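Written below as structure tokens is the structure these notes are about.
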Amino acid sequence: MNFPIISILIFLPLISSILLLPIRTKNSIFYYSYGVIISIINFIISYKLILEFDDLNSSFQFVENYKIFSNYDIKYIVGIDGLSLLMIFLTTFLTPICLLISLNTIRTRVKEYIISFLLIEGLVIGSFASLDLLFFYIFFEATLIPMFFVIGIWGGENKIYASFKFFLYTLAGSVLFLIAIIVLFLITQTTDISILQKFLPKYLPLEYQKWFFLAFFASFAIKVPMFPFHTWLPDAHVQAPTAGSVILAGILIKLGAYGFIRFSLPFFPQASHYFSNFIFILSVIAIIYASLVALMQEDMKKMIAYSSVAHMGFVTMGIFSFTKQGIDGAIMQMISHGIVSASLFICVGFIYDRLHTKKIKDMGGIAEKMPDFALLAMIFMLASVGLPGTSGFVGEFLTIIGTFKTSKIIAILASFGVVLGACYMLWLYKRVWFSSIHNPNIEGIKDLNKVEFVTLGIMAGFVIITGIMPNIILKYFNILSTNLSYLNNLR
Amino acid sequence: MNIASILPEITLFSGSIFILMLDVFLSKKIKNTFYLSHLLSIILCALTILVLVKTFYLISNNNYFNNSFSVNPSTLFLKSISILLLTLVLMLSFSFVSKQKYSGELLALMMIATVGGMIILSANDFIVFYLGLELQALSLYLLSAFNVNCRKSSEAGIKYFVLGSLASGILLFGISIIYGFSGTTNFSTINEFINSFEKDQISISLIFGVLIFITAMFFKISAAPFHMWTPDVYQGSPSSVTTFFATVVKFTIVIALVRISSNFIWEIVGKVILYISIISIAIGSFGAIYQKNLKRLLAYSSISHVGFVLLGLSGISKDVTFSCILYMIIYSIISIGTFGFVSLIKDKNGNENENIFDITSLSGLAKTNPVMAFSLTILMFSTAGIPPLAGFFSKFYILISAISHGLSSTNHEIFYVAIVAIIFSVISAFYYIRIVKIMYFDEPKDLIELEDYGNCKLIILTMAVINLIFIIFINPITNLINSFIL
């Protein structure tokens, strides 16, 4: 356990991005290959982590502990359990893909682009792995800076508005989180998560828990994003470059749900119960409202962004059902959505590269000209709908079962969301891939090249394998979800 | 022994007089070829630091001159920091000084103002404090009007002089009331006098006197609603002088206030400071949104920073001094970078004029000068308090001391004020990242040129790097400050 494998995962991308700063060459291939190599090394390390991980051990593994603050008991502690392991794996998996798919599209300021993505990778891994509340906050907040640049520099025509909205929304939520962290620290004199998890549920009275819960909620609900706080997401997604959307939908918004599972639930179980109906209602509104809004979108990216809001509604619903199935389903849905929405954004990106439009009305008949692409896109569409046999099904099914145990009416309403999901996704598929060709640009369109095909193929394989054998993922957080569902008894 | 205690001040003061004389007698040619007075002044700063270190070994924690001048490790440490800041300011003002007709006077005035700052840092008596403050203020009036050909500069000088003298008058009024009710002007004696009473028996007039005194200090540190002069003076003064205002001057006065107020903070005074702090943060945050001029924007930002220090100050807990000093050190580091950057901005002919300080003139800086754009970006995010940069930790420590006071005392006002303050800091983040946006997202306009003095850019880059790597060295730095303060 002496080998600091987690710190290497965090600091390899951070340091290598800093090393890139003084380099001045116009050769964009150099930057891309540098970024891809670093991120693939990171992927290999995280794969090694999966091999060495013991999924029957309930405590945190690979823990590293260094004292940073002398006058306060705030330490740099990193370590992982099953949930963080999978999220880290997802991050290291998506980062090289992000860089590969932008190879042909991003030609300006490539150096800054690579630096931003490596920074995001390192910081996100840091927030998933940190076992200290303050360090989680530091990593969590710091991701704003590179993401601000990604949207603002390489974004679409309204990029400045979107980047400011993204930055200020998230910052506004997390300052309350910071206050809560400071107060918690002053009460308990520590920010160590494993200690807080042990003592807070027992000793913190409900009336205080409520305030802490709301402060944490402000930050995570904006990040997830939950219903009334979701308005930054469609703007950010539409304006961000493809890879930016992938990282945003695939990883960054998972930080919010991760925060709920890691902090809100175990720290403040009574308050979580107290607010669970409130969150159920917000989640169901998110599922149904976002699906209806998605139905009416004319921009493909905006539609997928709204579908993200709906899918994350399932996640929050599952988490606050306080049942093993619900939490299992929520985590499964997080991972599945991470892959599926990322691939859907990649699909839109591929179409945009060829046609330079994201409007649905300009599409039609792409399947005729791009059969390989149509097949792969179909898999992702169906996974997003939640067809049995894909990863999307497992997540949605388990969350609905879990919620049904707690609140029948909410579960029934949420299952309408599944139907609506099928409506907008299949309708989208029909309008874009089938129907007749009326845009002359589509006549000359070329099918996927090898890199693109392999990228999407790997992701499609992942979707199907985890759909058929969900246990290869579920086993990692079996213990975590069981422990969390026991919190039900603390009521 | 008395003389030895003020040896650093004597060194800096006599040195600056020497430079002043030298400037009169040397021919212009020699001065311009060797930057003689400039180099001498930097050497003088180094010498003063050596003397400070020497004094540290000679003298241990004592008061001199009839108990009116305290010299201890803490004051020596703070003095060395202000000298270091002065050195950096002098290095940054290299080109400005060499273009001046009266370069010797400029340097001498800056150093004499710093001597005033050093005196107020170790003052243990109201009279000494007042003398130090006036020594500093009189030099500053002259400095802000130094650009004689520029009307804005003269305006700044006169405005600063009139309002500053008024504040000095109010200060003296407060001191005289305190003297009238305690019979002494010595801090330690006043402190004993106050402690001899029960908490609620302190004469209301004495509290009144302290409030008047603190009001005048609010003017000097430019806390709202006594901030009106700040944007005008910051804008009108030559950029190098503005850098001096925002770093050395602000550092010494704020720290002096922090040191003094440890004697006088009672519930009611703390409350006044608390409200002043939230007003300052609000006015600093909202005022800056509408500013088009970079210098005015930074002036408003400095108002909101003062608000944060006051927020920490209003809590009476043991690590108040530590968190305020850390905040001011980090703020000065950031200011050296930002104001130093501003002082590099010149138009295409290498002159300063009003239009170049418009924030849109920075547009596209990331393409024309990536290193400076990177440094300024780091500094801006740091000022906005985004982790993991140093600015986050300065706010973090202030919030810890403020909130811990709010939780422990009976009234929780300070706790709610802390929440409001941090929400305002989100608003102020807007205009900091707007500067980043202008540099990175907009197309270059090619209106300005950054003066190419290698070491200036190096200094600004260094300040940015310090902000970036602060998190690694947070332990040694906090230990260092703690060991000197306690």
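Every number in this text was worked out from the coordinates using simple rules, so none of it is lab data. Quick caveat, the model's predicted, so the values are computed rather than measured. Glycine gets a Cβ as well: all are built from the backbone with ideal geometry, and neighbour counts include every protein chain shown.
Key figures
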| item | result |
| --- | --- |
| Degrees, to the nearest 10: A:193-203 long Cα axis against longest axis of chain A | 60 degrees |
| Charge tally in the Cβ shell below 14 Å around residue B:116, where Lys, Arg are +1 and Asp, Glu are -1, residue B:116 excluded | +1 |
| Ratio of the Cα radius of gyration of the range A:106-155 to 2.2 N^0.38 Å, where N counts its residues | 1.24 |
| A:109, B:151, A:431 arranged by Cβ crowding within 10 Å, fewest neighbours leading | B:151, A:431, A:109 |
| Net dipole in debye of chain A [+1 Lys, Arg Cβ; -1 Asp, Glu Cβ; about Cα centre; nearest 20] | 440 debye |
| Straight-distance crosslink candidates among lysines, where the alpha carbon sits under 22 Å from residue A:254 and sequence neighbours closer than 8 are dropped | A:165, A:223, A:301, A:302, A:324, A:475 |
| Three principal axis lengths of the range A:276-491 [C-alpha, angstrom, descending] | 63, 33, 21 |
| Loop sites in the range A:385-491: chymotrypsin sites (Phe, Trp or Tyr not before Pro), DSSP, at most 16 other Cβ within 10 Å | A:434 |
| Residue B:268 paired with residue A:437, simple spin-label distance in nm, labels 7 Å along Cα-to-beta-carbon | 8.6 nm |
| Percent breakdown of C-alpha pair distances by 10 Å bin, ordered from the shortest bin, for the range B:51-109 | 20, 35, 24, 19, 3 |
| Chain A, relative contact order in percent, only Cα pairs under 8 angstrom and at least six apart counted | 15 percent |
| Rounded if a/c under 1.5, otherwise prolate or oblate - chain B, Cα gyration tensor axes | oblate |
| The range B:328-430: trypsin sites (Lys or Arg not before Pro) in DSSP loop, at most 15 other beta carbons within 10 Å | B:348 |
| Peptide B:412-423 - average C-beta neighbours from other chains (10 Å radius) | 2 |
| For the range B:116-183 versus the range B:49-98, the gap between their alpha-carbon centres in whole angstrom | 20 Å |
| Karplus-derived HN-Hα couplings along the range A:89-99 (A = 6.51, B = -1.76, C = 1.60, θ = phi - 60°), whole Hz, x at Gly and Pro | 4, 4, 4, 5, 6, 7, 4, x, 5, 4, 5 |
| Residue A:67-residue B:354 pseudo-label distance in nm [points 7 Å out on the Cα-to-Cβ vector] | 5.8 nm |
| Listed residue (B:404, B:87, A:153) projecting farthest to the positive dipole end of the protein assembly as shown, Cβ model | A:153 |
| Of B:79/B:250; B:367/B:445; A:67/A:202; A:369/A:450, pairs whose Cα-Cα distance is over 20 Å | A:67/A:202 |
| Cα gyration tensor shape for the range A:1-78, rounded if a/c is under 1.5, else prolate or oblate | oblate |
| Equivalent ellipsoid semi-axes - Cα gyration tensor, chain A, angstrom | 34, 27, 20 |
| Exposure proxy order (Cβ contacts within 10 Å, fewest to most) of A:451, B:258, B:241 | A:451, B:258, B:241 |
| Above-threshold pairs, the threshold being 24 Å between Cα atoms, out of A:358/A:446; A:26/B:295; B:28/B:159 | A:26/B:295; B:28/B:159 |
| Under 14 Å, Cβ to Cβ, from residue A:158 - net charge with Lys/Arg +1 and Asp/Glu -1 | +3 |
| Check: the protein assembly as shown dipole with +1 on Lys, Arg Cβ and -1 on Asp, Glu Cβ, in debye | 920 debye |
| Degrees separating the helix A:450-468 axis from the principal Cα axis of chain A, which is the longest one | 50 degrees |
| Gyration tensor verdict on the protein assembly as shown (Cα atoms; rounded if a/c is under 1.5, prolate if a/b is larger than b/c, oblate otherwise) | prolate |
| Given charges at Cβ of Lys, Arg, Asp, Glu: the range B:2-485 dipole, positive-most of B:6, B:41, B:273 | B:41 |
| On Cα atoms only, tilt of A:159-188 relative to the major axis of chain A in degrees | 10 degrees |
| Sorted by Cβ density within 10 Å, fewest first, the residues B:188, A:391, B:408 | B:408, B:188, A:391 |
